[in-house]
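A short worksheet on the structure shown next.
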Amino acid sequence: MFGTKGLIHVYTGNGKGKTTAAFGLAVRACGHGAKTAIVQFMKGSCVYGELEGVKHLPGLTLIHTGRDVCIFMGEENEEDYAEAARGIGLAEEFITSGDYDLVVLDEINVASDMGLVDSNKVVDILRRKSPRTEVVLTGRNAPQDYIEMADYVTEMREIKHPFRKGLDERAGTEY
């Protein structure tokens, strides 16, 4: 599908669009008949439009991990660690099995930055990935190890955002 060698992508930065880009790649891959898995880490609420949209894609497995609240650094609890461990266990299976063409680890960079996921564990999984599996890591504050391993690194940089004008988030664009 992607060729004989699956590559690693990192989408990071403080700008909008990291998850959107990863989900767009998943849609594209599914359109080519790829078997795709998305594991979302600590996304908070399950009321994201992209979750409803991708449920209709053939060949796509979607796993949502984390509590249904937004957590900030220093507010983590045991459930957050347990959910992150569940997510990384599934991610390892998807990435190393050879059964998937594309695996997206949405917000893994943030989960790593917060210490919910050991970045060394993620690096180990990436080193053992199936040679044909493409992997995307999203979220702010990507660890340097991920950036060094990646074949693609894209930094989304906020230049202007409606939040700065006091506008609330809007269904269909921010979630």
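The values are calculated or read from the model by the stated rules, or taken from the named source; none is laboratory data. The model shown is predicted, which means the values in this text are computed figures rather than measured ones. When we count neighbours, we look across all protein chains shown, and the Cβ atoms used for this are built from the backbone with ideal geometry, even at glycine. For the accessible areas, the whole protein counts, side chains as well, though only heavy atoms, and no ligand, DNA or RNA atoms are used. Shrake-Rupley method; radii C 1.70, N 1.55, O 1.52, S 1.80 Å.
In terms of distances greater than 19 angstrom between alpha carbons, the cross-link table entries 18/160; 43/160; 16/165; 35/129; 16/55; 16/43 yield 43/160; 16/55. Taking the helices alone, the chain has a mean residue ellipticity at 222 nm of -10000 deg cm²/dmol, built from -39,500 (n - 2.57) per DSSP H run of at least 4 residues and averaged over all its residues. Solvent-accessible area assigned to carbon and sulfur over the chain amounts to 50 percent, based on a 1.4 Å probe. Screening the chain for DSSP H helices whose Cα atoms reach 24 Å or more along their own axis and whose mean Kyte hydropathy is at least -0.5 gives 78-96. Of the peptides 70-78, 146-154, 32-40, 114-122, the order by per-residue mean of other Cβ atoms within 10 Å, starting with the highest, comes out as 32-40, 114-122, 146-154, 70-78.
Recomputing volume of the Cα convex hull per residue in Å³ from the coordinates shown identifies the correct label among (1) 168; (2) 123; (3) 111 as (3). Using the Karplus relation 6.51 cos²θ - 1.76 cosθ + 1.60 with θ = phi - 60°, the per-residue 3J(HN,Hα) values for the stretch 11-17 come to 10, 9, x, 8, x, 6, x Hz, with x marking Gly and Pro.
Heavy-atom accessible surface of the chain, averaged per residue, reaches 52 Å², computed with a 1.4 Å probe.
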